[in-house]
Amino acid sequence: MSLSFANSIAMQSRARALVPLCVGAGAYLFFLYVGDTLLQDSDSFWQIKIGQWILDHHALPYTDFYSFTRPGEPWISTSWLSQVLFAFAHAQWDWAGPVILTALATALAAGILVALLDAHLEIPRAVLFAMLAILLSLHHILARPHILALPVMVAWVGMLMAAADRKSTPSWYWLPLMSLWSNLHGGFVLGLALIGPMSLVAIWGLESRRQVRLLLSWFLFGVAALAASCVTPYGWRTLQGATNILNLGELLSVISEWMPANFSSFTSFEGAVLGLIAIGLYRGLTLSPPRILLILLLTWMALTHVRSVEAFAFLVPLVLAKPLGEKSPLPRADAQGVESSWPARYVTATGALMIAVAAWTSTSIYMSHHRFTFTMAQTPVAAVDLLQQRKAQRIFNAYQFGGYLIARDVPVFVDGRAELYGEKFVMDFFNATEGRKPELLPRLLDEYKIDATVLVADAPGPQILDHLKGWKRIYTDGVAAVHVRDTTDGAGDASK
């Protein structure tokens, strides 16, 4: 009887070990299937372009050389490693490369989340949290550096949370994870910022003498993590570059991913917030003040900027895992010691290999008959072709077209690197082209000696230019409208 029970526990333990991999494989295949939806942000173009420049020149950029409005201005790439990975993948497999990288990173984040939650929760609930995290993040899962950094974020915060739950200090062996994060994406500053609140979770409830010693240990770890974040080709300037985006003031309310959450219509994030309240009320959760602070901080971030929703989605479950596990009415089998034998490890490793092979085989089959393409709304192909034929030199472009123009080696007026251009410049641009201050448009066109414009076809900007003396529309399609300076007395229109 006891032997049968031990075998049952061993089987359950082996199965549990494969669950994170199964969840990751499922997420990977899902995002591979919907891969075209990952190619909807023109920032992917300039990210790849910079990555290719780094590969070609074996150097990193320190100044801007893609715009004609900020040439030579200081600028560093805080996502250089992600850009190199995307560029290499794109060079090898065209757009399938960035899609596969993005799908893999998302799958890895989901798998790591399940593995971390498994320490406190039953597998079904851990899987459910991972599925909800992916659902909440769908709007921001794109072929861009922040997704390649997502699994690193989950692993780092999971490590901090596990140490806080144990009432101990995080191991310094994990510091290279911060270095990796700081080379992948500027969001590493969140990982540094969370060390403080996590340390409060760790010391809460301890006697004062232990609190002081443990808090000092966390402080030293925080200093070491800060130093580790500077282990990049840019050194300490990485920190400055990562925080510059937060100093854009009013501009953050204009760029879509930095806008605050909008509850005018029901969204999955709104459902998650309501669900979080419902869980607390139904389960009767009593959290320590530091945990409440962490949840409020992550919720405030998601309410303030929609791009922070994925941090809310993946990190709040880690904060709630232990309290929820303590309230769980379901017993969890303890398989300690039953997986130490090599046959158990062999079976687990074989299962993992079979899942990996099945995922790669599915990838090869799918790629053989499907070609990934970037969304047409971000790629004014015909309009740029026309402007290059006309040898236009100084093109006033829509914000979302900047990445595509950089990919076409066309100097841009503005692009997604808002921290390079500054708050006033980009706000003047938006106010002029969105019709809020139309009098700014002719001033910008004259100040920067613009000889052609390529703007979103159905935006206010082209309509303003239609009535602006000295300009004429020469091309229109469903994506872009092109205007050039009118050197004749009359205004013409060669709309398509």
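We did not get these values from a lab; they are worked out from the coordinates using the rules stated. Model, not experiment: these values are computed from the prediction. Note that we place each Cβ from the backbone using ideal geometry, even for glycine, and neighbour counts take in every protein chain shown.
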### Summary
Relative contact order of segment 398-454 (C-alpha contacts under 8 Å, at least 6 apart) in percent is 22
### Query
For the chain, what is the Kirkwood estimate of the hydrodynamic radius, computed as the reciprocal of the mean inverse distance between distinct Cα atoms, to one decimal in Å?
25.1
#### Entry: Counted charge near Thr286, where neighbours are those whose Cβ lies closer than 13 Å (Asp, Glu -1; Lys, Arg +1)
+3
### Task
Treat the count of other C-beta atoms within 10 Å as a stand-in for reagent exposure and order Phe68, Phe372, Phe86 from fewest to most.
Phe68, Phe372, Phe86
### Message
Just to confirm the number: angle between the C-alpha axis of helix 96-117 and the first principal axis of the chain, 0 to 90 degrees, nearest 10?
### Response
30
### Message
Applying a 10 Å radius around every beta-carbon, put 297-307, 56-66 in order of their mean neighbour count, most first.
### Response
297-307, 56-66
## Note on the structure
The helix 123-137 Cα axis meets the longest alpha-carbon principal axis of the chain at an angle in degrees, between 0 and 90 and rounded to 10, of 10
#### Entry: Summed residue charge, Cβ within 14 Å of Val114's Cβ, Lys/Arg positive, Asp/Glu negative
0
### Task
Could you please rank Lys391, Lys49, placing first whichever residue has the fewest other Cβ atoms within 10 Å of its Cβ?
Lys391, Lys49
### Task
Among Ser217, Ser265, rank each residue by its count of other Cβ atoms within 10 Å, from fewest to most, as a rough exposure measure.
Ser265, Ser217
### Message
Using only the alpha-carbon atoms, how far is helix 80-93 inclined from the longest principal axis of the chain? Give it as 0 to 90 degrees, nearest 10.
### Response
80
### Query
If you average the sequence gap of Cα pairs under 8 Å that are 6 or more apart and divide by the length of the chain, what percent do you get for the contact order?
19
### Query
What number, rounded to the nearest 500 deg cm²/dmol, is the helix-based mean residue ellipticity at 222 nm of the chain, given -39500 (n - 2.57) per DSSP H run of at least four residues and division by all its residues?
-19000 deg cm²/dmol
### Summary
Short to long, in 5 Å steps from zero, the percent of alpha-carbon pairs of segment 376-485 per bin is 2, 13, 26, 28, 21, 9, 1
### Query
Which order, highest average first, do 478-484, 220-226 follow once you tally other Cβ atoms within 10 Å for each residue and take the mean per peptide?
478-484, 220-226
